[in-house]
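*Asks:* Submitted below is the structure of interest, expressed as structure tokens.
What follows is calculated from the coordinates using simple rules that are stated; it is not laboratory data. Small disclaimer: the values here were computed from a predicted structure and weren't measured. Virtual Cβ from ideal backbone geometry, glycine too; neighbours counted across all protein chains shown.
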Amino acid sequence: MIRTIIGGSLIVLTASLAFGQTAATLSFEVASVKPAPPPTEGRLMIRMGGGPGDQSDPGRINWENVSLRDILRAAYGVRDYQISGPDWMNSTRFNIVATLPPQTTREQVALMWQTLLKERFSLTLHRETKDLPAYALVVAKGGPKIQQAVDDPPTTVDGGAPGGPMARAGGGSFGPGGPRGGGPLRNGMMMMRGMGHLEAKGISLSQFVDMLSRQLDRPVEDQTALKGNYDIKLDYTPDESTNGMAMRMGMPMPMPRPEGGGEGRGPADATSDNGASLFTAVQTQLGLKLEAKKLPLDLLVIDHAERVATEN
């Protein structure tokens, strides 16, 4: 089994970039896109480091073993379930090194990714909005039980500053341990320890619902109206019949099921023989609740993309 580890800082995009953005005109100064070598010893290391906000290398993007889906998320500010395209977008992986002009912002980096996708992968796409089955994360009766995060004290790169080999929350990304393979979590980090144990420090609920979306058979939208960042611990029994195993294997969650395509698991599945379900754990441990409903979802539909990038 391939073990997926995600490290480095992820580009977090503002909501305005998700849809309705004009055609990209900005580009990286220099960009190298090469096929990634196959994983060794059953271990797949995904690195998404560099760029604005990464203290170790803000002027250069350095991504390893990323899929086209990873690039699309960064370019258009969407989640996995909003992307519809060929299966190879998840399995074919690339190593990308790109140089940024001075003072490049995160919003500008997103437009540069759009240019790279068009020029190097001949990407064409269109957008759709559909009412599809989903879950809404709301505050449960009795109020939330999650703890507001506090700021981390200043630290050095050796002590775990942003940009090192750690898992950064954002885009639904995870890793099995903190700095140095097991150090303490810092703000913005989320990790899975084993099956069914999540720890996160200083993350927003929008980042938390990205994780929930990967574990369930439907997208999850944050409707709690809770602001700020939180420290979260969650223990539950994974349901292998949905997306828990796919998330641990680094695969994207499937598109939500259309009407008449099955109801999947829901809040009624409150318990299991081995412990609390994810629905029960979210309600009892966090004071939040997952409610099944239909929601209008913006989708990014890939019309064409080349599997082999053009020459550097």
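*Asks:* What net charge is computed for the residues neighbouring VAL301, neighbours being all others with C-beta under 11 Å from the C-beta of VAL301, Lys and Arg scored +1, Asp and Glu -1?
*Replies:* My count for the surroundings of VAL301 gives -1.
*Asks:* Continuing with the same structure: Karplus couplings for region 105-116 from phi (6.51 cos²θ - 1.76 cosθ + 1.60, θ = phi - 60°), rounded to Hz, Gly and Pro as x?
*Replies:* 8, 5, 5, 5, 4, 4, 5, 5, 4, 4, 5, 4
*Asks:* Label-point separation (nm) for SER122 and VAL150, each offset 7 Å from Cα along Cα-to-Cβ?
*Replies:* If labels sit at SER122 and VAL150, their model points lie 5.7 nm apart.
*Asks:* Describe numerically, in nm with one decimal, the distance between label points set 7 Å from Cα along Cα→Cβ at ARG307 and at GLU107.
*Replies:* 3.8 nm
*Asks:* Please list, in chain and number order, the residues 5+ apart from ALA276 or on another chain whose amide H is under 5 Å from its amide H, with Hs placed from the backbone.
*Replies:* Result for ALA276 returns THR237.
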